[in-house]
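Shown next, in structure tokens, is the structure this report addresses.
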Amino acid sequence: MSITEATISEAREFFVCLYGRQEFQSLDVLRAHLWSSGKSDLRSLPPTEDAFRLHVERALYQLALYKQAQLANPLLPPTTHFGRQIMNNKLLPVMMKKAPKPDFIKTVYCKCKKSKCLKACTCFKASVPCVVGCLCTGAKGKCGRATTALDDSSSDEEL
């Protein structure tokens, strides 16, 4: 039993569509964008990329268990390889490895959408790069001054 990246990608694509934001390829970036757009209630945000992956792993393991339920000796991999851990002799789910709140805190966001952040951009005036919190999302195709982007490496600290 193995989980392919294609499986994770298709599940992620479906999940991103639930939020009506198909332009985002990462749940972490979508989460950061929604957080900075004023949706500061964590319950209304999508899960972090790692929490989503761990949930998919647990769900697929449960599916494999159901598919082999009729067998006297099912052949299943260790549950600790699929989003669970043993703590105090109990098998517990690993909920997430990253902090639930996006790391970056920025006070300046632009509302540029058509001008590609070149003329009257508030980020330009403040001498800061556009980020996913801006309406342009800091994407190179939408923002003419995108120099940095929020990626998974900026918030990989484990809790």
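The values are calculated or read from the model by the stated rules, or taken from the named source; none is laboratory data. Just so it is clear, the structure is predicted and the values come from calculations on it, not from any experiment. Heads up, the Cβs are rebuilt from the backbone with ideal geometry, glycines too, and the neighbour counts pull from every protein chain shown. Heavy atoms of the whole protein, side chains included, go into the accessibility calculation; ligands, DNA and RNA do not. Shrake-Rupley method; radii C 1.70, N 1.55, O 1.52, S 1.80 Å.
General observations
- Counted residues, segment 134-146 - those being open to solvent by 10 Å² or more (accessible area, probe 1.4 Å) and in contact with a Phe, Trp or Tyr (Cβ under 9 Å, 6 or more places away or on another chain): 3
- Contacts under 8 angstrom Cβ, first residue in segment 1-26 being loosely packed, with under 11 Cβ neighbours inside 10 Å, partner of a type in the set (Gly, Ala, Ser), 6 or more apart: none
- Residues of segment 67-99 that are open to solvent by 100 Å² or more (accessible area, probe 1.4 Å), touching a helix residue (DSSP H, G or I) at 6+ places or on another chain (Cβ under 7 Å) and in a strand (DSSP E or B): Ile86 alone.
- Residues satisfying the stated conditions in segment 27-37, i.e. open to solvent by less than 40 Å² (accessible area, probe 1.4 Å) and small (Gly, Ala, Ser): Ala32, Ser36
- Counted residues, segment 116-131 - those being assigned to a loop (DSSP other than H, G, I, E, B) and modelled with pLDDT of 70 or more: 11
- Residue in segment 52-63 that is in a loop (DSSP other than H, G, I, E, B), modelled with pLDDT under 90 and either over 30 Å from Gly133 (Cα atoms) or open to solvent by 70 Å² or more (accessible area, probe 1.4 Å) (or both) present: no
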